[in-house]
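Before any comments, here is the structure.
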Amino acid sequence: MTSLIRSLLTVSSASALLLGAAAPAPAPAAPAPAAPAAAEPPRPMLRPQTVAPLPGGLDAVLVVNDNNPELITGPGILISTFAGSERSVPEAHLDVPLSGRFDLFSHHVYAGKPEALDSTLWLAVVAEPRGPAPVTLTLLGGSTALSQSLDPAMAGAPFLPLPPLLAETTSPAYAGPGSRVATELLARTVSPEIPRQWTLPAGSPSTLLVLPLPVRGLDPLLNGRNLQLRLQSSGPVSLATLAAFGPNDTPPPADTWARLLDGGLSPKEHTPTPRGAKGRIIYSRVAGVQIGSTWRGTITDPGQRWLSTSSAPISWPIASLERGRLGTDQIQTAELKAFYPGTAWAAHGNYGVEYDITLPLRNTSPDPVTLQLALESPIKGDQAQGGLRFNVTPSRAVMFRGPIEVSGLDGPGGRPSSRRRFHLVQRAGEEGPALGTVSLAPGAQRNLRVRLIYPADATPPQVLSLLPVKQSPPTPASSQP
């Protein structure tokens, strides 16, 4: 997800002034040579291939999606699933019970106070049982990170320049908080700031987490935090996230959160284009409860239990959305069970959603076959083009910044490798570097498994591609005298 804040640029233009009386017209001069025409930017390249809908679908797990506002400018409720009938401002609550498996996705930015250089915004997650009995919340997975951290005790992930493809070693690679959180969730690493379990007494909200968003010592005064939790509840609960200004080094008093929960919303931003409207679309950001945490699918040929290697070249969308279906007519966007007026009406981009895809490959040809697997960022489009379009010259806009995990690629000695993780940085319209190859003898079969958590530092859609390995032309035989 690109940063909300950009430097203000001041552009000045000077007007030409004619001073004094008009002078006699000069004698005609020889015509100046015509200036060379500006070179047109190269047209995108079309790669002919199949683009097919991604098999499978989203599960029914509810996700509290807390991303509007992204830039927090005032204290208040960010999102609440509490019952509004029990609160002073009913419209500030979505009244959605959460029980069993559910998730939280939260992503926010803070740009400080205009009058201060050292302010901190505090974010809290609170929850309360919906019945008369206590409820246990168990953490199944969770991670959080700041964009910038000057405190070693708080995990940070600055937007460092990384190569397009970096294989993970013993030291994980990431750039940006969304990238780090997705990397840690894939690796099943839990942030030390997050408890493993909470017991919630009935009758009043309990504070699960209080996390700072500091800007002291930063230039510019800008910081972001990504937080994702995978939770299991022993009973129905209500959950809310709240924002408050407070001391730089200590959280606000505990009663701050109860008072905010009984107040109004933090200001929202980016009113969306109405659903179904024509013309330019403003997706807006999500402040609602979405249906779907994980997309699982197995890619096979129609009526078969395997995918023929002869299908390549072929790609499947990842996070396809309204106006970005790449000709497949497939919108993968999670629908919202409830959301606030003036915010996104669907979870465009599926941020925080895990994709878990299996490809049972079989070589149905009489010859050995080698294919390569890639995640790519083609030029966004809606209509079928006979393939995918890519830029010929590099773009500056980063479209994907995050990890991907693959099992089953060629390993040492041609044996299938175990789980491997990579970090990708892809720009708009960029073909992806090969994550690895799959080499199959005639009749051989191998399962590939691909996992990724769509990171907050990305712009959809992407594609998962299975491509033939380009063969080198045969070397001409030397002639004998």
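The values are calculated or read from the model by the stated rules, or taken from the named source; none is laboratory data. Being a predicted model, the structure only gives us computed values, none of them experimental. Ideal geometry is used to build each Cβ from the backbone, glycine not excepted, and the neighbour counts take in all protein chains shown.
What to note about this one:
Yes/no per residue for (1) β-branched (Val, Ile, Thr); (2) touching a strand residue (DSSP E or B) at 6+ places or on another chain (Cβ under 7 Å); (3) more than 20 Å from Gly246 (Cα to Cα):
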site: Ser149; (1), (2), (3): no, yes, no
site: Pro158; (1), (2), (3): no, no, yes
site: Thr169; (1), (2), (3): yes, no, yes
site: Tyr174; (1), (2), (3): no, yes, yes
site: Ala182; (1), (2), (3): no, yes, yes
site: Arg196; (1), (2), (3): no, yes, yes
site: Thr199; (1), (2), (3): yes, yes, yes
site: Ser204; (1), (2), (3): no, yes, yes
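- Neighbours by Cβ (under 7 Å, 6+ apart or cross-chain): first from the range 425-444, touching a residue at least 60 places away in the same chain (Cβ under 8 Å) and surrounded by fewer than 18 Cβ atoms within 10 Å (Cβ to Cβ); second assigned to a strand (DSSP E or B) and small (Gly, Ala, Ser): Pro433/Ala374; Ala434/Ala374
- Condition check for Gln372: surrounded by 20 or more Cβ atoms within 10 Å (Cβ to Cβ), more than 30 Å from Ser106 (Cα to Cα) and not aliphatic (A, V, I, L, M): yes
- Residue count, the range 168-209 (criterion: more than 30 Å from Phe422 (Cβ to Cβ) and either modelled with pLDDT under 95 or touching a helix residue (DSSP H, G or I) at 6+ places or on another chain (Cβ under 8 Å) (or both)): 4
- Near pairs, Cβ below 8 angstrom, 6+ apart or cross-chain, from the range 275-302 (free of Cβ contacts under 8 Å to residues at least 60 places away in the same chain) to any residue that is among the hydroxyl-bearing types (Ser, Thr, Tyr): Gly279/Thr273; Arg280/Thr273; Ile281/Thr273; Ile282/Thr271; Ile282/Thr273; Asp301/Ser308; Asp301/Ser311
- Segments classed as strands (runs of 3 or more DSSP E), wholly inside the range 116-235, with at least 3 members that are over 17 Å from Asp457 (Cβ atoms): 120-129, 135-146, 197-200, 206-214
- Gly264 being surrounded by fewer than 16 Cβ atoms within 10 Å (Cβ to Cβ) and within 24 Å of Gly342 (Cα to Cα): yes
- Within the range 313-326, being surrounded by fewer than 21 Cβ atoms within 10 Å (Cβ to Cβ) and in contact with a Pro (Cβ under 9 Å, 6 or more places away or on another chain) holds for one residue alone: Pro313.
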